[in-house]
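Notes for the one structure printed next.
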Amino acid sequence: MYNPLSQKLAMITPETLIVGVDVAKHTHYAQMINFRGEGLHKPFPFQNTISGIGDLVQQIRTIQFKHGLSK
């Protein structure tokens with residue numbers, strides 16, 4: 001039987017960084033967790049602009065490096 005949820009869950013490994021984003025009109029908030037659901041960084045705001053997205057990408061790279069995550 002085809003189960004897309006099982007396939008998605010199988011892609012999450014100990015090297016995976018999961019980023020959740022609360023989208024709003026002007027200011028979004030992002031939270032980063034590991035494969036166990038443990039928070040790796042407190043939620044932080046970023047703006048709905050090109051530079052705001054750049055800030056998010058930089059935070060993601062920093063957390064990936066700090067915790068040895070590659071995905």
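Residues that are loosely packed, with under 10 Cβ neighbours inside 10 Å and part of a loop (DSSP other than H, G, I, E, B) within region 27-44 comprise Arg36, Gly37, Glu38, listed in sequence order. Pairing residues of region 41-69 that are under 24 Å from Pro14 (Cβ atoms) and aromatic (Phe, Trp, Tyr) with residues that are modelled with pLDDT of 95 or more and part of a helix (DSSP H, G or I), at Cβ distances under 8 Å and at least 6 apart in sequence or on separate chains, gives Phe44/Gln59. So for region 51-65 (the condition being within 13 Å of the chain's Cα centre (by Cα), exposed (fewer than 14 other Cβ atoms within 10 Å of the Cβ) and in a loop (DSSP other than H, G, I, E, B)), does at least one residue qualify? No; the residues of region 51-65 include none that is within 13 Å of the chain's Cα centre (by Cα), exposed (fewer than 14 other Cβ atoms within 10 Å of the Cβ) and in a loop (DSSP other than H, G, I, E, B). It is to be established whether one or more residues within region 15-25 are in contact (Cβ under 8 Å) with a residue 40 or more places away in the chain, of a type in the set (Ser, Thr, Tyr), outside any helix (DSSP H, G or I) and surrounded by 12 or more Cβ atoms within 10 Å (Cβ to Cβ). Within region 15-25 (the criterion being in contact (Cβ under 8 Å) with a residue 40 or more places away in the chain, of a type in the set (Ser, Thr, Tyr), outside any helix (DSSP H, G or I) and surrounded by 12 or more Cβ atoms within 10 Å (Cβ to Cβ)), the answer is yes, since at least one residue qualifies.
The values are calculated or read from the model by the stated rules, or taken from the named source; none is laboratory data. Keep in mind that what you see is a predicted model, and the values were worked out from it rather than measured. Cβ atoms come from the backbone with ideal geometry, glycine included; neighbour counts cover every protein chain shown.
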